[in-house]
1. Counting only the backbone N, which residues of region 442-477 are under 15 Å from the spot 7 Å out from the Cα of residue 294 toward its beta-carbon?
2. Would you kindly state how much longer the chain becomes between residue 598 and residue 633 on full extension, computed as 0.36 nm times their sequence separation minus their alpha carbon distance, in nm to one decimal?
3. If each residue of separation counts as 0.36 nm, what is the full-extension length gain between residue 304 and residue 624 once their alpha-carbon separation is subtracted?
4. For region 65-83 and region 224-259, what is the centre-to-centre distance using only Cα atoms, to the nearest Å?
5. For the pairs 228/609; 268/431; 359/562; 245/379; 489/537; 350/389, note any where the Cα-Cα span goes beyond 20 Å.
6. Rounded, prolate or oblate: which fits region 359-472, taking a ≥ b ≥ c as square roots of the Cα gyration tensor eigenvalues, rounded meaning a/c under 1.5, else prolate when a/b beats b/c?
7. What nm value, rounded to one decimal, do you get for the distance between residue 459 and residue 235 when each label is placed 7 Å out toward the C-beta?
8. With a probe of 1.4 Å, find how much accessible area region 363-437 has per residue, and write the answer as a whole number in Å².
Amino acid sequence: MLPLDNDFIRKKSKEFYIILTITLVIFFVSYGEFYLYTMWKCPSCISDRAIPLFSIKTISLMKFFLIENSLLAAFLITTSLIEKRNLKLIFSFFRFLILLIIPVQFVAMYFTGEYIKLQPILQIRYIGFVINPVSIAIFISTLTSIFLTGIAIDYLTRKFCRHNYFKIVGVLFTMNIILVYFTMNSISTIKFKKYYSVNFYPPVREFLKIFYLAIESRDLYRVKPLSKTELETAKNYGIFVHQGKSYPLIKNFVYTSRLPFKKVKYIKTPNIIIFFVESLSAGMVNPYNKEYENLTPDIEEFSKHSMVVYNYYNHTYPTIPGLQGQMASFYPPFNWYDWDITSDNIKVNKLLSIVHVLKRHGYQTAYLTHSSGFDTFLKPQILALGFDKTYFEEDSIYNRYRPKKGFPEYCGADDQTVFRVVRDLTEKLSKTQPFFLAVSTIETHSGYMPGEKAKKYPKIPDNPILTQVYNLDYSFGIFWKWFQKSPLKDNTMVILTADHAHNPTIPFNQTFKKNVSHSTFDRVCLIIYDPIHNLPKSFVANTTSIDLAPTLVHLLQFENFKNPWLGLSFFGDRQVFGRALGLHNTFALMKLENGEMTVFDNIETYEEKTLLNILHFTQGIYIQNRLWNNNINLTLPDDRSNLIRMKLNKAMSNRKSNSLQ
């Protein structure tokens with residue numbers, strides 16, 4: 001046997017140590033990214049100590065970080081050896097951009113619990129929320145560590161890998177293949193992701209995905225006919241589509257069930273006040289969550305005179321789609337930032353909202369908000385809902401409470417002021433009853449720092465999230481205490497709900513650990529005070545806010561009428577289906593089935609694509625202004641009879657199941 005050449009041994013040892021060094025660098029960078037991602041995306045994973053420091057399970061969860069960084073390392077190694085000046089400049093530019101993505105993504109992750117997306121980029125109005133010492137520190141430290149890693153790989157490449165970089169790149173790719181193969185179907189990983197409802201994706205992959213989705217969504221709202229399977233699936237979710245009709249979503253009923261509650265007073269058209277409180281997830285208030293004792297004593301008192309609705313989720317996000325989507329029972333395709341980037345050229349198309357319905361029955365209707373009507377193109381989008389009168393921060397109704405310097409430009413009137421104005425406006429509206437008043441608030445908005453006069457939660461006064469909620473409760477109490485002494489308490493419904501769920505920011509997730517989903521879809525507050533009916537103390541809805549308008553019509557016992565609403569009354573018809581959907585920002589999809597929520601991070605399966613196609617179809621119909629037209633005569637299929645038959649079939653099926661048990 002020939003002795004091995006010493007130079008050959010040294011050469012192979014050097015290659016081994018270079019590969020080992022690069023591999024360790026990739027591993028520790030990946031682990032750092034993975035840990036930051038987990039800490040901000042899934043804080044309960046950390047607090048539960050669900051992820052061991054180093055294990056096969058951990059490597060399986062962080063495999064996409066390892067794969068991405070291996071590919072980036074291969075890219076850096078290859079491009080660092082380019083000699084031609086022009087090519088070198090081009091690739092240096094791309095290297096800089098790719099490495100810059102990582103700190104930008106982690107700053108976004110810190111503030112929102114999500115990587116950055118194109119639409120939320122345009123939503124950054126309050127720049128002070130984003131540019132502060134913490135965000136700058138995260139950005140600089142991440143940027144520094146990433147660039148130092150890049151420089152280290154460059155140095156190692158030029159010094160040691162010039163003649164064997166193909167071998168090193170080949171080893172990196174081989175490691176990726178082995179890693180994917182051995183961690184692809186880990187049962188423990190699948191169970192973990194399902195339990196915590198989280199996927200672990202690296203920053204560059206998610207940023208590049210934005211551009212893929214942008215290309216995919218170019219023809220998104222061209223209304224393509226739904227397949228037979230999609231039509232059947234839509235019907236299973238209570239969405240009736242009449243393919244080939246000019247207005248394919250109009251149906252001939254709002255509800256088919258008897259109201260399960262008896263009237264205690266005969267008032268045909270009670271007054272209605274709805275508070276769409278900013279970001280009010282159910283888990284923030286005491287009727288749903290006792291995590292913080294006496295955090296919302298006035299809302300707790302209100303709930304004792306009312307019906308608390310459980311398992312009621314938001315169906316869209318953020319505020320303007322939340323308001324439009326609830327009052328007109330559809331999935332709005334646009335938000336204010338879409339108007340912003342199109343220079344206000346998005347047309348306001350025809351809707352049928354609960355406001356229009358109430359006006360037919362003699363109601364005067366009004367909308368009150370904390371902000372300017374010019375802020376976020378709010379006024380035209382609210383006027384599309386049909387209100388007789390809108391009250392914005394610049395209107396005279398606020399003059400009594402307006403500070404000498406005016407309300408802050410970035411948020412308008414605070415919650416205490418809004419509820420005082422509600423009290424004044426209600427007295428004014430009550431002179432010509434019946435009336436419907438919808439109200440929006442601000443101070444529970446994510447990232448909002450309460451003002452000096454905000455009431456602090458006595459037990460933990462330095463927590464801004466708890467201050468937001470406690471101050472909201474105090475503000476609501478200003479109205480509720482007055483209302484209980486007013487004659488209106490005997491003929492006015494009061495509904496406390498949300499525009500949407502709270503944004504799952506890090507401070508919010510750290511404050512509320514129980515009874516919240518830590519997702520943009522969550523259970524939201526819905527508490528109904530109704531002096532007209534004998535309502536139960538609680539009701540389990542198992543649905544979303546798409547059902548608010550039809551449920552209110554059902555409660556008021558108005559006669560059925562043709563409508564394009566995608567929701568059903570949760571007092572009856574929704575229970576036949578046991579399913580509902582949520583959608584925001586084009587691709588963020590949620591499915592609710594028998595009260596269990598599933599949020600889809602990636603639209604991959606046939607079921608997910610089918611559900612998304614159905615909702616995009618409904619949005620395309622709105623964009624083409626084919627959602628609603630009150631001035632045409634339509635011959636409609638008998639959807640009401642179809643739904644009654646579905647109820648009978650379900651009842652017979654349940655009876656058979658019970659007889660077999």
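1. Only 456-461, 470-471, 474 fall inside the zone, counting backbone N under 15 Å.
2. Numbers: separation 35, 0.36 × 35 = 12.60 nm, distance 3.96 nm.
Result: 8.6 nm gained on full extension.
3. Values: separation 320, 0.36 × 320 = 115.20 nm, distance 4.55 nm.
In short, 110.7 nm is gained.
4. Here the answer is 51 Å between Cα centres.
5. Violating the 20 Å Cα-Cα cut-off are 245/379.
6. Prolate, because a/c is 1.5 or more and a/b exceeds b/c.
7. Going by the 7 Å Cα→Cβ label model, 5.2 nm.
8. 43
The values are calculated or read from the model by the stated rules, or taken from the named source; none is laboratory data. If you're wondering where the values come from, they're calculated on a predicted model, not measured in any experiment. Glycine gets a Cβ as well: all are built from the backbone with ideal geometry, and neighbour counts include every protein chain shown. Surface areas here come from the heavy atoms of the whole protein model, side chains and all, with no ligands, DNA or RNA. Shrake-Rupley method; radii C 1.70, N 1.55, O 1.52, S 1.80 Å.
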